[in-house]
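K.L.:
Below you'll find the structure I mean.
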Amino acid sequence: MGDAAGIVRFAVGKVTVRRTLPLGFVVFCVLAMFMTSPVSAALAQPRVVSANPADVTQKVVLGSSSQTVYAYAQVGSTMFVGGRFAQIQDSTGTTTYDRSNFAAFDAKTGVISSLDLPANGAVQVIVPSPDGHSLYIGGDFTAIGGVTTRGIVRFDLLTNTIDPLFQPGLDGVVSDAAFVGSRLVIGGTFTRQLRAIDPLTGLDTGFIDLKLTGKTNPDDAIRVRRFAADPAGTTLVALGNFTAVDGQPRAQAFRVDLTTSPTATLSTWHAPRFDLTCPVANYSRGVDFSPDGTYFVVANTGGYGGTSSICDAAARFETSDVSATSEPTWINFTGGDSLYSVAITGVAVYVGGHMRWLDNPQGNNTAGPGAVSRPGIGAIDPTTGEALDWDPTKTRGHGTEKLYVTKAGLWVGSDGATFGGEDHPGIAFCPVSPK
């Protein structure tokens, strides 16, 4: 039985031609256009963002310490937000909307969307498709929008429906996802914890086939918690709970060479400092590449472990260094408080967690020599590795889980009730400062 036909219109000179083509050919053409989409580069900003948060932001109703914001994604003027929450309020706090772990609002006006896509577990990552027509929503759920599915769904923004053809068949949580060129890469607790999947079907393409073993945190599953790729799409850094990859020592962090064919390969990069045991069961939690791709920064947990490790600290690594004894260019220690998130804009390395200080290598749950107060959030000079003057302050709580950069500024997601001395539970936005 032959393929069904598709109608295609195209221009030749000033004449529009209408032809009937096999559906398979039409699908191939559409996929070809999709597959050539470039890597989404990290966003550079000209200045450090304002420490005074915008007034027109929503308020997540924080009913317990476990409720927090994990994810943002902006498509057009609409901001999508995910986490673990049951309700969201307008900026005045006078109108409350039931929104189970997922919500949408206008990023400029703050008006909350009528879109209601309840999830029965935390939404940990939201990724727009390159054409902006779909969202990939991942997390710790087994049902979302009335559809029974585990880990991740493809939500069609044109029809406001979950795509039934997207069936990845996962057996665990999706904690991170991103497009690297045409490839949709996901990380989590599922079997083969880092994989590239088909954006239309969800099926594993087999491009990433690495075996993770061991645990730095014995109380958690082996997982890839976060990852980031350089803007050129040539390398990927993955973080999480493991001690080896394909039999090679790679505690907490490893790199993947994405330039090899037909499959990606484990990079020779290895940072021995990650092998050192921190006082608290630890693993790296946040990573981001610079907008020019020349370096990346890892944010880590683990308790105070002295200056020989990267426990409770942020560390910069140069992308060009793929040695088996890679050393950080700089390390900024909190002195005993976890870091969960990092975002790089070129002029600043923003870090979030439940820290009290930065620049605190000698402090063990105290402010050591040179320490600067930075409750919950701070900014680091990309070159010197020292804290910038930027200090909005926020409720520390469990900590700042998400830092999301847009052209307009920096979105902050956490379980904190205040930001910059103002009432901003869960959500805060810091606009790029005027000249």
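K.L.:
If I compute solvent accessible area with a 1.4 Å probe over the protein chains, what percent of it on the chain is carbon and sulfur?
P.N.:
C and S fraction of accessible area: 54 percent.
K.L.:
Let me ask you something else. For region 252-411, what is the accessible area per residue in Å², given a 1.4 Å probe and the full set of protein chains?
P.N.:
Heavy-atom accessible area per residue stands at 33 Å².
K.L.:
To continue, here is another question. What lysines sit close enough to Lys394 to cross-link, taking a C-alpha to C-alpha distance under 24 Å and skipping anything fewer than 8 places away on the same chain?
P.N.:
Lys59, Lys108, Lys402, Lys407
K.L.:
Count charges around Arg285 for me, please; just the other residues with Cβ under 13 Å from its Cβ, Lys/Arg as +1, Asp/Glu as -1.
P.N.:
Net local charge, Arg285 excluded: -2.
K.L.:
At 222 nm, what value in deg cm²/dmol follows for the chain if DSSP H runs of at least 4 each add -39500 (n - 2.57) and the sum is divided by all its residues, to the nearest 500?
P.N.:
-1000 deg cm²/dmol
K.L.:
What does the net charge come to around Val412 if you take all other residues with beta carbon closer than 15 Å to its beta carbon, with K and R at +1 and D and E at -1?
P.N.:
Neighbourhood net charge equals -2.
K.L.:
Rounded to two decimals, what ratio of Rg to Rh does region 158-269 give with C-alpha atoms and a Kirkwood Rh? Provide the component values of the computation, followed by the final result.
P.N.:
Values: Rg = 14.1 Å, Rh = 14.4 Å.
Result for region 158-269 is an Rg/Rh of 0.98.
K.L.:
Residues of region 350-388 with the amide nitrogen closer than 18 Å to a label point 7 Å from the Cα of Asp292, along Cα-to-Cβ, please.
P.N.:
350, 380-386
K.L.:
If ligands, DNA and RNA are left out, what is the accessible area of Glu386 with a 1.4 Å probe, given in Å² to the nearest 10?
P.N.:
Solvent-accessible area, nearest 10 Å²: 110 Å².
K.L.:
Here's a follow-up. Where Lys and Arg each count +1 and Asp and Glu each count -1, what net charge lies around Asp198 among other residues with Cβ under 11 Å from its Cβ? Write down the numbers at each step before the final one.
P.N.:
Numbers: positive: Arg154, Arg183, Arg195; negative: Asp204.
Surrounding charge for Asp198 is +2.
K.L.:
In what order, largest first, do Thr400, Thr205 sit by accessible area if the probe radius is 1.4 Å?
P.N.:
Values: Thr400 0, Thr205 80 Å².
Ranked from most to least accessible, the order is Thr205, Thr400.
K.L.:
So how tilted is helix 23-35 from the main axis of the chain? Cα-based, degrees 0 to 90, rounded to 10.
P.N.:
Tilt of helix 23-35: around 20 degrees.
K.L.:
Another question about this same structure. Any chance you could check the Cα centroid distance between region 379-435 and region 291-362 for me, in angstrom?
P.N.:
Taking the Cα centre of each part, region 379-435 and region 291-362 sit 17 Å apart.
K.L.:
Let me ask something else about it. Using only protein heavy atoms and a 1.4 Å probe, report how much of His398 is accessible, in Å² to the nearest 10.
P.N.:
Result for His398: roughly 80 Å² accessible.
K.L.:
Which aspartates and glutamates, if any, have their Cα less than 14 Å from the Cα of Lys211, not counting same-chain residues under 8 positions apart?
P.N.:
Filter leaves Asp246.
K.L.:
Could you pull out every one of the aspartates and glutamates with an alpha carbon less than 12 Å from that of Lys215, ignoring same-chain neighbours closer than 8 positions?
P.N.:
Asp275
K.L.:
Let me understand the chain better: what is its radius of gyration from the alpha carbons, and its Dmax, in angstrom?
P.N.:
Rg, Dmax (Cα atoms, Å): 21.8, 77.
The values are calculated or read from the model by the stated rules, or taken from the named source; none is laboratory data. Worth saying up front: this structure is predicted, and the values here are computed from it rather than measured. Using ideal geometry, Cβ is built from the backbone for each residue, glycine included, and neighbour counts are taken over all protein chains shown. Remember, those area values only see protein heavy atoms, side chains included, never the ligands or the DNA or RNA. Shrake-Rupley method; radii C 1.70, N 1.55, O 1.52, S 1.80 Å.
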